[in-house]
1. Could you check segment 22-47 and list, in sequence order, the residues that are within 13 Å of G222 (Cα to Cα) and among the aromatic types (F, W, Y)?
2. For the subset of segment 138-161 comprising residues that are in contact with a helix residue (DSSP H, G or I) (Cβ under 8 Å, 6 or more places away or on another chain) and either farther than 21 Å from A91 by Cβ or among the basic types (K, R) (or both), which member is surrounded by the fewest Cβ atoms within 10 Å (Cβ to Cβ)?
3. Can you find, within segment 100-123, the residue that is modelled with the lowest pLDDT among those that are more than 16 Å from the chain's Cα centre (by Cα) and surrounded by fewer than 15 Cβ atoms within 10 Å (Cβ to Cβ)?
4. Got at least one residue in segment 42-51 being of a type outside the set (G, A, S), within 20 Å of A158 (Cα to Cα) and part of a loop (DSSP other than H, G, I, E, B)?
5. Taking into account only those residues within segment 190-229 that are in a loop (DSSP other than H, G, I, E, B) and polar (S, T, N, Q), which is modelled with the lowest pLDDT?
6. Inside segment 107-137, can you point out the residues that are among the hydroxyl-bearing types (S, T, Y) and under 20 Å from M93 (Cβ atoms)?
7. For segment 104-119, enumerate the residues that are in contact (Cβ under 8 Å) with a residue 12 or more places away in the chain and out of contact with any helix residue (DSSP H, G or I) (no Cβ under 7 Å at 6 or more places or on another chain).
Amino acid sequence: MDRVLVALDVATAPEALALADALRGAVAGFKIGSQLFTAVGPDIVRTLVARGDKVFLDLKFHDIPNTVAGAVASAARLGVWMLTVHASGGAAMLDAARASAERSAEPGRPRPIVVAVTVLTSLDAATLQAVGVAASPLDQAVRLAGIVEAAGLDGVVASPQETAAIRRTSGPGFLIITPGIRGGSATTAAPGSSLKALGDDQQRTSTPAGAVAAGASYLVVGRPITGAERPRDAAMRIAEELALK
């Protein structure tokens, strides 16, 4: 349970808080992404932080360095535990994000962990080529991870299929946050439905145990838990799979 972050990709604050209440103590923390943050704003972060939850703010900041620095400062003031920027923003932007996190944390709180997204799990080689990236998802993710580590950030977000290669080339303390968790114990959605029926668009995936074996620090799990009839039971099944690894 200390490795699983649940994606609260829902449309309303009551839905998010109900899930958090049901899962608290069974998972490591909660990811707030674009859907929920756009719908309800920063108060959902404040509420969860006030309840003692670890909040992973996954807004994937990607802009000029000064703008990203300001966004990171705002996130730090909210008390988030971890946040994301895009690795493709370049070294200057990454450096600005790191420096802003270091100087912006509220007194008495540690600075937020800053990780950079490498290649989205919805992308494959053909999609990368269509936007002008000749490298494979694996090569692109490893290249970007090297830039991120050189900039002094805490880690990356990468699919399970790139995790082992990044782990081999990175330092021991470098975090790898892994979405795209499917199969194994992460199979349950709503009764009588499938993840594809729920609009699953993940391309590069792994089971929970497979991702951890490859070197993942944390797993981001959404629909296999939040779409389950009993979300807490679904989370505990994943914890059991990891304990048996």
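The values are calculated or read from the model by the stated rules, or taken from the named source; none is laboratory data. Predicted model, so just to flag it, every value in this text is computed and none were measured. Positions of Cβ are generated from backbone atoms using ideal geometry, with glycine treated the same way; all protein chains shown enter the neighbour counts.
1. F30
2. Step by step, filter segment 138-161, then rank; the result is L138.
3. E106
4. No.
5. Looking at residues that are in a loop (DSSP other than H, G, I, E, B) and polar (S, T, N, Q), I get S193.
6. Answer for segment 107-137, where residues must be among the hydroxyl-bearing types (S, T, Y) and under 20 Å from M93 (Cβ atoms): just T118.
7. Once the filter is applied, which keeps residues that are in contact (Cβ under 8 Å) with a residue 12 or more places away in the chain and out of contact with any helix residue (DSSP H, G or I) (no Cβ under 7 Å at 6 or more places or on another chain), segment 104-119 yields R109, I113, V115.
Residues checked against (1) in contact with a strand residue (DSSP E or B) (Cβ under 8 Å, 6 or more places away or on another chain); (2) within 25 Å of R167 (Cβ to Cβ):
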| site | (1), (2) |
| --- | --- |
| K60 | yes, yes |
| P65 | no, no |
| V72 | yes, no |
| A97 | yes, yes |
| A105 | no, no |
| P112 | yes, yes |
| A134 | no, yes |
| Q140 | no, yes |
| A145 | yes, yes |
